[in-house]
Amino acid sequence: MSEPETQQSDTSPPESAPDGQRPRAPRRHGLLHHVGQFCLGCAAMVLVLSVALVAVLAAGVTAPGWLREQAAGRIGAALPEHRLSFEALSVGLDGSMAPRVSLSGVTLEDASGTRLADLAALDVSLSRRALLGGEVALSRIRLDGGRLILRRRADGALSAAFESGEPRAPRAAQEIPFPEQIAALFERPVLASLRQVEAANLSLRYEDARSGRAWTADGGQAMLERQGEEITLRGNVTVLGAREYASALEVNYTGDLDGSEARFGIRFEDVPAGELAGQSPALAWLGALQAPISGALRAAVGADGQLGPLNATLQIGAGALRPNEATQPIPFHAARSYFTYDPDRQQIDFSEISVESDWGTARAEGRARLLGMESGWPSALEAQVRIGEIAANPAGLYPEPVVFEGAAADLRLALDPFRLDVGDFRLRDRGEVLRVSGVARGRADGWSVDVAGRMTTIAPERLLELWPATLKPKTRTWIDENVRSIGLHDIQFGLRAVPEAPPEVFLGFDFSDLTTVYVAGVPPIEAASGRASIRDNRFVIHADKGHVTAAQGGRVDVSGTDFIIPDLRIRRGPAEA
C-alpha cells in the first residue's frame, strides 16, 4: 500500500522587489473600492441636483393650468361656505425649507357672492410634520394688501375682520370680542399647526361706536405669532389727517388661546388730543386740549375683550387749553402725565402732571374719580391734587415768574360743556396760605370766570410784589408812594369776568398800625386801624381809630372817618373825607 500524498504549502519567496522599495500587499478588496467610488460619485451628483431643485423651488415655479384647477377645487371643498378665486398660483420652498404655495390676485367671497376680502398676494407654508402624516396643515401665512376693519362697540369691546372695499352692514361674526376671534381661528384643524401670520400693505379702518367717529390709514404692517398656547400680535400704521402732521401707531397684544389672560399695549406719536380723549374713560379729560400727544398705554385684557387697569405715559406737545372755538386759547409749551387707571374703582392715580407755559411751570400728583359712569363714559371728574413749587407768570403780568412754595386743590371738571370748579385751592407762600375757590366755564360765547379768595395776613412788601404793575397801576403807585407802614389782615379778593364786558374786581382788607399820607402837604394819619376796599374802581377806607398830629401841636382824632376816592381811573381825581 503506497503512502498517502503529503500536501505542502508554497514556501518559495515572493518575487523580489526593486532595490530600496518595500514589497506591495496583494489587492484583496479592489471590487469594493470601485463600488464605493461609484456611490460617492452618485451621492455628489444627487446633492448637486438637489441644490439646483431647491434653488428653483425657492424662487417659485408657476403652476400649470391643470394644477391651478385642482388647487381651486381642493380650496373650494375646504371652504364650502366661501369662494376663493385667484389669478395665478406658484409653488416653492420658504426660508425654512417648508413647501410654499403662493397665490396672487386673490378674492374671497361668501356664499351669496359678496366680496369679503381682496388681496394682492397670499402665501401659505405647509407643515412638514403634518405632510409626513398624510395631512395638509398651514404653518405660516403671509398676506399682501387687504382691508382690515377694527370695530369698538359702545361698551369698549374690540373685534376685527377682513373686508373688501364694498360698504355693507357688519356681520354678526365681527361682533365677537377679539380674544374669542383669535381662539376660534386656531381651533380649525387646517390651522392647528399655524405659527405665524404676517400682513403687509394693509388698509386699516377703525370704527368707534361710542364716539361715532372713524379713522382710515394705509400701508399698515402686522405680525401674529403663536408659541405653544401664547399668542403675540404686533402691528404699526401711519395715519394722515386734516392736519400738518402724521400720527404713528404701534400696537402689541399678548394672550393665551383660552382668553383667560392677555396684555395690550400701544405706542403712538403725534395723535391729536381730541382723538385720543375718546379712546378710554381715563383719557376723557384730554378733550379740552388742542395739542399733539405722544406716549404709550398698557393694559390687561379680559376674556370679554374689556380692558383692565391701564398704565399711561403721555408727552403733550405745544398747544392750548381750548374747550371750544369761542374760547380764547390758553397756550402752553409742553406738558406730561404718568398715571394708572383702575376701571373697577373708576379712579385715576396720577404720579405726575406737569405743565410748562408762559404763565408758569408746575408739577403735581394726585388722584381723580370718574363720575357719571353709569353709561360707561364719564361726565365729570373729581380730583385732589398736590402741587410742588410753582413758578407763575399769568398772562405775562410780571417781569420774572413769581415763585410759590406749593399748593393743594380740590377740583371738579365737567367735560361737556367744559366747567372747572375749584372747591378749595390752598397756595402756600412764605408761611402764609392763600385760599381760592371759583369756577371757569367754556361757554359758547367765550370764557366765564368767577373767583374768590382770602388770606389771613400778608406782608405789605409781598402784596406789592404780587400786585402786577399793569393791574390798576395808579392805585398801586398811590399805595407805594403814600402808605408808610401798615399791618394787613383778613384779606379778601374777587374777580368776575364774562365775555363782552369789562372784568369786575374786588379787594378788601382790615388794617392796623397804618401811617399814610392822605393829602399832599398835610401831616399823615398815624396809628390808624379799620377796613378798606376797592370795588368798581371805588376806593373806600373807614378808620375805627387813628389820629393826625397837627403841625402847631395837638392831635385830631380820625375815628369814624371815611376816606373815599370815587373813581380810581381819574388821575389826581377828587376825594371825599
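Measuring nothing but protein heavy atoms, the accessible surface of the range 176-323 at 1.4 Å probe radius is 52 percent carbon and sulfur.
Taking a ≥ b ≥ c as the square roots of the eigenvalues of the Cα gyration tensor, the range 309-392 is oblate, since a/c reaches 1.5 or more and a/b is not larger than b/c.
Take the range 459-577 with all the other protein chains still there, run a 1.4 Å probe, and you get 60 Å² of accessible area per residue.
Once a ≥ b ≥ c are taken as the square roots of the eigenvalues of the Cα gyration tensor of the range 365-435, is the result rounded (a/c under 1.5), prolate (a/b larger than b/c) or oblate (a/b not larger than b/c)? Prolate, because a/c is 1.5 or more and a/b exceeds b/c. Treating each Cα of the range 318-458 as one equal point scatterer and applying the Debye formula with no solvent, the log10 of I(q)/I(0) at q = 0.09, 0.14, 0.20 Å⁻¹ comes out as -0.30, -0.76, -1.53. Within the accessible area of the range 437-511, the carbon and sulfur atoms contribute 58%, probe 1.4 Å, all protein chains present. For a test of the definition: using alpha carbon positions, the gyration tensor, and the 1.5 limit on a/c, classify the range 203-290 as rounded, prolate or oblate. Judged from the Cα gyration tensor, the range 203-290 comes out prolate (a/c at least 1.5, a/b above b/c). Can you list the trypsin sites (Lys or Arg not before Pro) in the range 400-496 that are in a DSSP coil and have 15 or fewer other beta carbons within 10 angstrom? Of the trypsin sites (Lys or Arg not before Pro), the ones in loops of the range 400-496 whose Cβ has at most 15 other Cβ atoms within 10 Å are R430. As an exercise, identify the trypsin sites (Lys or Arg not before Pro) in the range 298-362 lying in DSSP coil whose Cβ has no more than 16 other Cβ atoms within 10 Å. Counting only loop positions with at most 16 other Cβ atoms within 10 Å, the trypsin sites (Lys or Arg not before Pro) in the range 298-362 are R345. Averaged over its residues, the range 254-323 has an accessible area of 37 Å² per residue, based on protein heavy atoms and a 1.4 Å probe. Determine the distance separating the Cα centre of the range 477-547 from the Cα centre of the range 209-262; give it in Å without decimals. Centre-to-centre (Cα) distance: 63 Å. Spacing of the modelled spin labels on R430 and T456, each 7 Å from Cα toward Cβ, amounts to 1.6 nm.
The values are calculated or read from the model by the stated rules, or taken from the named source; none is laboratory data. Everything numeric here is computed off the predicted structure, so don't read it as measured data. Cβ: placed from backbone, ideal geometry, glycine included. Neighbour counts: every protein chain shown. Accessible surface areas use protein heavy atoms only, side chains included; no ligands, DNA or RNA. Shrake-Rupley method; radii C 1.70, N 1.55, O 1.52, S 1.80 Å.
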